[in-house]
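A.B. asks: Take this structure first; my questions come after.
The values are calculated or read from the model by the stated rules, or taken from the named source; none is laboratory data. Worth saying up front: this structure is predicted, and the values here are computed from it rather than measured. Note that each Cβ is placed from the backbone with ideal geometry, even for glycine, and that neighbours are counted across all protein chains shown.
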């Protein structure tokens, strides 16, 4: 593994940890048992990438190499133990801790997996199809979180949090454009950072997209 | 593109518009923002076809050509603008407008995609496997609407609306039979029409299938 | 078909019947009509195997051969007729009948499909990748029930029933180990039995895994 592959792999693991943590946190809030929390962590972390690989027609890398599932389970267990010991992190004066940690973990995962999804499309023979690359980047980015929310019976983050799929879309476009102009590594880093920056700014300034006030 | 391919393509776009509109309408009723409405429109319009292509082992056509996602987004935006301006279409005396438009859009999409799903099975090397063709037609027809309802947290139309999957099943069988006896184009048209006719008749005459009155 | 293939096929049909019955029972409890009940039976019975085949990159066997869908529909219809005639099975003094039958059907399906999922991974060219085999076994085992619960809007069994995915995990590991030491047929039988035994013991002795008492 050369240095570039090592850095990409490190990013993959970072995204896996972030998404697994977000899955475990949803599982804990839904009062699941320890195994359910691990399952939800694994689904969130590997769900988007598996969907991408199946669509691109290759064996999911999460199935080939145990490292992704292993890291996900370890992360979910760590979150479980942390919140088992310090249960006040979920409630009372510290109640906002959950929301902030969730936003952070989910945004890191969204950014990294959007970038890596674009790279996967490039590596699998579609370097010139901009539309496909952006689409597959979004699928990879939002897929895991969407499965997490649907399995846990939560309203999907993608519909609830403003500027969610939108951040992934902007990041995907950046990633394709940067890949063509300045190369792979800067594209992955900058695009992932752009997604996170958009989400944090949106959360901080409470950006809203227009929506109709309807009577249901 | 010869004339037959052009007509089939026109049907695809028509089905895409109808399903995207149904997705956007559900999104609006759930008070999603403009991006969520577009996402739900795209998922409804391309979800069934992508599932079909993945099962048949080919790259989804919605990923290859941007036209389907483009048309879906344009449709969702148009529906959003329409209902943003004329919000009374969703409520009060006009409240039934929503139900009727939803029935219409969803039935047009169901009919067209059932037919096109059967054709896709035929074109991908299974012209003689009647069972596979009907099954893949149903999957293509009901897939997008099912994803729409599950993502939006609605009870799936397929279980709520009587004669829904049933209409798709009858349409799929018609389509296979007509393809073998009178050719591709008439099969697509007549089978799509049969599905829509069954659904409109079922809605108008309030047909019901038997179901047990259970105590939950 | 030699004797070993016949026995494996018999197991497949048994698992299909068990899962189709569990799907039909959920459909009946949700007061679906007869077609919805059949759809839910089919999805539960073939959903896990189709996901597995798509991930392994082959055409789903449920699409190639009509027997699985046929058996699922017949099972769902039989359950429907049984509960249509004897509606008191669902309520009153006999209310626990539903829970017990559901546990039985779901456990039989979980056990058999976990084993058969492992075998499918072995037959598709990954006999040495223990991790992949156990993972694909779990996916096949829990996939159908998960789709059933998500489509029906129930909280997924996998999160609600303790020792559910866990039983499948233990069964998958047993299956891989037994396959390598004593051969295919004993591995399938013993591993399926292990899954069922764990689930029945867990239900009988009310085994629980630790879970944090959080404030939602």
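A.B. asks: Considering only segment C:56-80, how many residues are under 28 Å from residue A:64 (Cβ atoms) and at the interface with chain B (Cβ under 10 Å from one of its Cβ atoms)?
C.D. replies: Qualifying residue count for the region: 7.
A.B. asks: Which residue pairs have Cβ atoms closer than 8 Å, lie 6 or more positions apart in sequence or on different chains, and pair a first residue in segment A:154-169 that is on the phi > 0 side of the Ramachandran plot with a second residue that is at pLDDT 85 or above?
C.D. replies: Close Cβ pairs satisfying both conditions: A:163/A:198; A:163/A:199; A:163/A:202; A:163/B:35.
A.B. asks: Would you call residue A:146 crowded, with 21+ Cβ neighbours inside 10 Å, more than 17 Å from the chain's Cα centre (by Cα) and either within 13 Å of chain B (Cβ to nearest Cβ) or not in a helix (DSSP H, G or I) (or both)? I'd like the intermediate steps shown before the answer.
C.D. replies: Details: crowded, with 21+ Cβ neighbours inside 10 Å: yes; more than 17 Å from the chain's Cα centre (by Cα): no; either within 13 Å of chain B (Cβ to nearest Cβ) or not in a helix (DSSP H, G or I) (or both): yes.
No, not satisfied.
A.B. asks: List, please: which pairs have Cβ atoms under 7 Å, are six or more places apart or on different chains, and start with a residue in segment C:117-144 that is without any contact (Cβ under 8 Å) to a residue 12 or more places away in the chain and end with one that is in a loop (DSSP other than H, G, I, E, B)?
C.D. replies: C:131/A:66; C:132/C:126
A.B. asks: Against the definition (out of contact with any helix residue (DSSP H, G or I) (no Cβ under 8 Å at 6 or more places or on another chain) and either closer than 23 Å to residue C:52 by Cα or modelled with pLDDT under 95 (or both)), how does residue B:57 come out, yes or no? Spell out how you get there, then give the answer.
C.D. replies: Details: out of contact with any helix residue (DSSP H, G or I) (no Cβ under 8 Å at 6 or more places or on another chain): yes; either closer than 23 Å to residue C:52 by Cα or modelled with pLDDT under 95 (or both): yes.
Taking the combined requirement at face value, the residue satisfies it.
A.B. asks: I'd like to verify a number: residues in segment C:45-56 that are more than 17 Å from the chain's Cα centre (by Cα) and touching a residue at least 40 places away in the same chain (Cβ under 8 Å), how many?
C.D. replies: In the first step, residues of segment C:45-56 are kept if they are more than 17 Å from the chain's Cα centre (by Cα); the result is C:54-56.
From what is left, the residues that are touching a residue at least 40 places away in the same chain (Cβ under 8 Å) are C:55-56.
Residues that pass the stated criteria total 2.
A.B. asks: Same structure, new question: Residues that are within 12 Å of chain B (Cβ to nearest Cβ), within 26 Å of residue A:59 (Cβ to Cβ), touching a residue at least 12 places away in the same chain (Cβ under 8 Å) and buried (at least 24 other Cβ atoms within 10 Å of the Cβ): does segment C:32-44 have at least one?
C.D. replies: Within segment C:32-44, one or more residues are within 12 Å of chain B (Cβ to nearest Cβ), within 26 Å of residue A:59 (Cβ to Cβ), touching a residue at least 12 places away in the same chain (Cβ under 8 Å) and buried (at least 24 other Cβ atoms within 10 Å of the Cβ).
A.B. asks: Can you say whether residue A:159 is at the interface with chain B (Cβ under 10 Å from one of its Cβ atoms), assigned to a helix (DSSP H, G or I) and either crowded, with 23+ Cβ neighbours inside 10 Å or at pLDDT 90 or above (or both), as far as the supplied structure shows? Steps first, please.
C.D. replies: Values: at the interface with chain B (Cβ under 10 Å from one of its Cβ atoms): yes; assigned to a helix (DSSP H, G or I): yes; either crowded, with 23+ Cβ neighbours inside 10 Å or at pLDDT 90 or above (or both): yes.
Judged against the criteria, residue A:159 is a match.
A.B. asks: Let me ask another. Kindly indicate which of A:95, A:117, A:109, A:125 is modelled with pLDDT of 80 or more and farther than 24 Å from residue A:194 by Cα. Talk me through it step by step, then tell me what you get.
C.D. replies: Numbers: A:95 fails: modelled with pLDDT of 80 or more; A:117 fails: farther than 24 Å from residue A:194 by Cα; A:109 fails: farther than 24 Å from residue A:194 by Cα.
Residue meeting the stated conditions: A:125.
A.B. asks: Quick check on segment C:85-104. Is at least one of its residues away from chain B (no Cβ under 14 Å) and surrounded by 21 or more Cβ atoms within 10 Å (Cβ to Cβ)?
C.D. replies: No.
A.B. asks: Is at least one residue of segment A:4-15 crowded, with 23+ Cβ neighbours inside 10 Å and in contact (Cβ under 8 Å) with a residue 60 or more places away in the chain?
C.D. replies: First, the residues of segment A:4-15 that are crowded, with 23+ Cβ neighbours inside 10 Å: A:15.
Now restrict to residues that are in contact (Cβ under 8 Å) with a residue 60 or more places away in the chain: A:15.
Yes - at least one qualifying residue is present in segment A:4-15.
A.B. asks: Next question, about the same structure. Kindly establish whether residue A:139 is part of a helix (DSSP H, G or I), crowded, with 21+ Cβ neighbours inside 10 Å, under 11 Å from the mean Cα position of the chain (by Cα) and away from every other protein chain (no Cβ under 11 Å). Let's see the steps before the verdict.
C.D. replies: On the way: part of a helix (DSSP H, G or I): yes; crowded, with 21+ Cβ neighbours inside 10 Å: yes; under 11 Å from the mean Cα position of the chain (by Cα): yes; away from every other protein chain (no Cβ under 11 Å): no.
The answer is no for residue A:139.
A.B. asks: Let me ask something else about it. Which of (1) more than 13 Å from residue C:48 (Cβ to Cβ); (2) buried (at least 24 other Cβ atoms within 10 Å of the Cβ); (3) more than 9 Å from every other protein chain (Cβ to nearest Cβ) is the odd one out, the single condition residue C:128 does not satisfy?
C.D. replies: (2)
A.B. asks: Hey, another quick one. Restricting attention to segment A:17-31, and to residues there that are within 18 Å of the chain's Cα centre (by Cα) and free of Cβ contacts under 8 Å to residues at least 60 places away in the same chain, which single residue is nearest to the other protein chains (Cβ to nearest Cβ)?
C.D. replies: Checked segment A:17-31; the qualifying residue nearest to the other protein chains (Cβ to nearest Cβ) is A:24.
A.B. asks: Of the residues B:173, B:198, which is part of a helix (DSSP H, G or I), modelled with pLDDT of 95 or more and touching a helix residue (DSSP H, G or I) at 6+ places or on another chain (Cβ under 9 Å)?
C.D. replies: B:173
A.B. asks: Moving on. When residue C:54 is evaluated against the numbered criteria (1) closer than 17 Å to residue C:144 by Cα; (2) surrounded by 19 or more Cβ atoms within 10 Å (Cβ to Cβ), which criterion, by number, is the only one it fails?
C.D. replies: In the conditions (1) closer than 17 Å to residue C:144 by Cα; (2) surrounded by 19 or more Cβ atoms within 10 Å (Cβ to Cβ), residue C:54 misses (2) alone.
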